[in-house]
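Visitor: Dropping the structure in here first, questions after.
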Amino acid sequence: MPSTRLPRSLPRPGKSPGAAGPTSQAGPGQTRVAASGRRRARPYVVLGAVLAVGGAFAFAGAFSHLSGKVSVLQLARPVHSGQILSVGDLRSVEVAAGANVPLIALSASGSVIGHPVAMSLPAGTLLSPADLGSVALLGGQAMVAVQVKAGAFPTELASGQKVAVAAVTPAGAGAGVQVVVPSLPTATVISTTAASDSSGSISVTLQTDSSSAGQIASIPAGQVQLIVVGSGTGS
């Protein structure tokens, strides 16, 4: 009689024999797809972070430029009206670029050195173009030029010094004339110019009040003597 072979295991109720295969293969496939997606997304995350940092540096650089400082010229020591500026009179400082007063940049120092100041200024003043140029005379002030022979002025005579102006006694005239310095007219030295010959004389421009300027101008040519005095002496 024919034999009937039974399967080794019976399928569970509600589950077909071939259903397990596809289900068991789907899990690994889905895992691989998800992992691959995460790997592709990672470079974009890194790129985004780099762009963000780069943008922050660019913004910081722009802000620094807008609020940056510039180097300008400042007086290192006091100067007097008409004084010729030298390298030692100046120094460089950094100030905000948005200053309201037009200042002179460090790069323009060549146009400042060797030029006179128009007024007396204290140390620490930030120079502006208005501070340079010819001397600005106040009301009641005057300038007078005198020729001074060699030996009739101190060798250290310089712009900005205060001097008393006396008359030299001519040769052969009576000697022993007393000179009272406080009674002499006083003035401020604006500039000195050496004579073109070898005589050693100089031409001196003085600034003083109108009355004193008249007294100084009345001294005969070649008889002027300059005496450097302290700032508190005379009027």
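The values are calculated or read from the model by the stated rules, or taken from the named source; none is laboratory data. Bear in mind the structure is a predicted one, so any value in this text is a computation, not a measurement. FYI the Cβ positions are ideal-geometry reconstructions off the backbone, even for glycines, and counts take in every protein chain you see. Ligands, DNA and RNA are stripped out before the accessible areas are found, and what is left, the full protein with its side chains, is counted by its heavy atoms. Shrake-Rupley method; radii C 1.70, N 1.55, O 1.52, S 1.80 Å.
Visitor: May I ask you to list the residues in region 126-149 that are part of a loop (DSSP other than H, G, I, E, B) and surrounded by 16 or more Cβ atoms within 10 Å (Cβ to Cβ)?
Guide: Leu127, Val135, Lys149, listed by residue number.
Residue-by-condition table, conditions (1) of a type outside the set (Phe, Trp, Tyr); (2) at pLDDT 85 or above; (3) farther than 19 Å from Gly230 by Cα:
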{"residue": "Val165", "(1), (2), (3)": "yes, yes, no"}
{"residue": "Ala175", "(1), (2), (3)": "yes, no, yes"}
{"residue": "Leu184", "(1), (2), (3)": "yes, yes, no"}
{"residue": "Thr188", "(1), (2), (3)": "yes, yes, no"}
{"residue": "Ala194", "(1), (2), (3)": "yes, yes, yes"}
{"residue": "Gly214", "(1), (2), (3)": "yes, yes, yes"}
{"residue": "Ser218", "(1), (2), (3)": "yes, yes, yes"}
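Visitor: Sticking with this structure for a sec: Given the conditions (1) more than 20 Å from the chain's Cα centre (by Cα); (2) modelled with pLDDT of 80 or more; (3) within 29 Å of Ala194 (Cβ to Cβ), which single one is not true for Ala136?
Guide: Checking Ala136 against (1) more than 20 Å from the chain's Cα centre (by Cα); (2) modelled with pLDDT of 80 or more; (3) within 29 Å of Ala194 (Cβ to Cβ), the one that fails is (2).
Visitor: Can you confirm whether Val179 is closer than 26 Å to Leu85 by Cα and either modelled with pLDDT under 85 or buried (at least 18 other Cβ atoms within 10 Å of the Cβ) (or both)? First the steps, then the outcome.
Guide: Details: closer than 26 Å to Leu85 by Cα: no; either modelled with pLDDT under 85 or buried (at least 18 other Cβ atoms within 10 Å of the Cβ) (or both): yes.
When the stated conditions are applied, Val179 does not pass them.
Visitor: Being at pLDDT 90 or above and open to solvent by 60 Å² or more (accessible area, probe 1.4 Å), is that true of even one residue in region 196-206?
Guide: Scanning region 196-206 turns up no residue that is at pLDDT 90 or above and open to solvent by 60 Å² or more (accessible area, probe 1.4 Å).
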